[in-house]
Amino acid sequence: MERGSIILIGATTENPSFEVNAALLSRMRVFVLQALTTDELVDLQQRALSDPRGYGLQQVTVDTSLLHQIADFANGDARIALNTLEMAVTNAQTKDGAIVVTQADVAQLLTKKALLYDKMVRNTTI
């Protein structure tokens, strides 16, 4: 590791200080990734709706307030926001050739808040 002949790339939701061997950790560079903001998640969803690699080739209508609700639900996680948007579009009704995502479509998907997982934070209530 000291010579750089081994490159270790990993990702974890745990704190590396507690989970990675101290000898390895001392030779690593740790990058902390921050949660995305609500505005960043809304922008990401808007790009998914307009980009041809997403829904850009289809006519999909989603009110911006619904995108904000999905972003709030996602709790900073882009994967959760995009998966929720995909489910909303998939379950939406088609009207006059356009897919229209309604409040009801989104509401049924936002029943459980996305949780942050960390061993150091435990819910001890039964």
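The values are calculated or read from the model by the stated rules, or taken from the named source; none is laboratory data. Predicted model only: the values in this text are computed from it and were never measured. Note that we place each Cβ from the backbone using ideal geometry, even for glycine, and neighbour counts take in every protein chain shown.
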Which of the residues belonging to the stretch 18-53 are surrounded by 10 or more Cβ atoms within 10 Å (Cβ to Cβ), more than 21 Å from the chain's Cα centre (by Cα) and of a type in the set (D, E, K, R)? GLU19, ARG27
Within the stretch 31-49, does at least one residue satisfy the condition of being modelled with pLDDT of 95 or more and aromatic (Phe, Trp, Tyr)? no
Scanning the stretch 18-59 for residues that are among the aliphatic types (A, V, I, L, M), assigned to a loop (DSSP other than H, G, I, E, B) and either in contact (Cβ under 8 Å) with a residue 60 or more places away in the chain or closer than 30 Å to VAL89 by Cα (or both) gives LEU33, ALA35, LEU36, LEU57
Filtering the stretch 1-17 down to residues that are surrounded by 11 or more Cβ atoms within 10 Å (Cβ to Cβ) and either modelled with pLDDT of 80 or more or assigned to a helix (DSSP H, G or I) (or both) yields GLU14, ASN15, PRO16
Checking the structure you have, find out if any residue of the stretch 88-111 is out of contact with any helix residue (DSSP H, G or I) (no Cβ under 9 Å at 6 or more places or on another chain) and either modelled with pLDDT under 90 or of a type in the set (Lys, Arg) (or both). yes
Residues of the stretch 83-109 that turn out to be outside any helix (DSSP H, G or I), at negative phi and either surrounded by fewer than 15 Cβ atoms within 10 Å (Cβ to Cβ) or among the polar types (S, T, N, Q) (or both), as a count: 6
